[in-house]
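K.L.:
I have a structure here, written as structure tokens, and I will follow up with some questions on it.
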Amino acid sequence: MTWLSHILLATAVAGPLCGSLPAVAFGATAPDWLEWLLRALFRRRIRHRWTTHFFLLWLAAFGLALAAAWAWGGIFTLAAWFAFGGFSHVFADALTVTGVPLAPWSLQRITLAGGRIRTGDPGEFVVVGLLFVLSLTIGWCSFSPGPGAD
């Protein structure tokens, strides 16, 4: 999926849940920009949708960050929303024809819902657009700057 689709999809889910939209949007693109960062740091070819796209690792990161946010709050809450964005990215990529790898210890790639979506095709934008409109219909939390802001 495209970055715009990843951001819209993640914020469509996080908006009604009162999520930190900047953290979610940053996380929603993280698997791709982390891939670029690894390429730059190690100066070698990193396969697209491999090292940074492990489905179970993003799911575990979200679960651990959510548990830490529940226990301690603060920065862990932002980490949970970031990890949610990352998980939504790999979940959305799992809807595509090529899917995503399940875990580092497995060569299996998973596709969800039959992997019928192709990146950049109209079907991608229809699915994401419908979900985004549905989330706006449900209603988003009102985000305010906080106490004492003018």
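What follows is calculated from the coordinates using simple rules that are stated; it is not laboratory data. On a predicted model such as this, the values are computed, not experimentally measured, just so you know. Note that we place each Cβ from the backbone using ideal geometry, even for glycine, and neighbour counts take in every protein chain shown.
K.L.:
Of everything in the stretch 15-47, what is under 11 Å from residue 82 (Cβ atoms) and touching a helix residue (DSSP H, G or I) at 6+ places or on another chain (Cβ under 8 Å)? Give them in sequence order.
P.N.:
So the first thing to find is which residues in the stretch 15-47 are under 11 Å from residue 82 (Cβ atoms), and the list is 19-20, 22-30.
19, 20, 23, 24, 25, 26, 27, 28, 29, 30 - these are the residues of the stretch 15-47 that are under 11 Å from residue 82 (Cβ atoms) and touching a helix residue (DSSP H, G or I) at 6+ places or on another chain (Cβ under 8 Å).
K.L.:
Could you list, in sequence order, all residues of the stretch 69-90 that are free of Cβ contacts under 8 Å to residues at least 12 places away in the same chain and either under 13 Å from residue 31 (Cβ atoms) or not in a helix (DSSP H, G or I) (or both)? Steps first, answer last, please.
P.N.:
Step one: filter the stretch 69-90 for residues free of Cβ contacts under 8 Å to residues at least 12 places away in the same chain, giving 69-76.
Result: 73, 74.
K.L.:
A further question follows. Quick one: which residue in 134, 130, 56, 66 is in a helix (DSSP H, G or I), farther than 14 Å from residue 28 by Cβ, in contact (Cβ under 8 Å) with a residue 40 or more places away in the chain and more than 14 Å from the chain's Cα centre (by Cα)?
P.N.:
134
K.L.:
Right, here's the next one. Looking at the stretch 9-30, which of its residues are of a type in the set (A, V, I, L, M), more than 23 Å from residue 54 (Cβ to Cβ) and buried (at least 18 other Cβ atoms within 10 Å of the Cβ)? Working first, answer last.
P.N.:
Initially, the stretch 9-30 is screened for residues of a type in the set (A, V, I, L, M), giving 9-10, 12-14, 17, 21, 23-25, 28, 30.
Pick out the ones that are also more than 23 Å from residue 54 (Cβ to Cβ) and you get 12, 17, 21.
Once the filter is applied, which keeps residues that are of a type in the set (A, V, I, L, M), more than 23 Å from residue 54 (Cβ to Cβ) and buried (at least 18 other Cβ atoms within 10 Å of the Cβ), the stretch 9-30 yields 12, 21.
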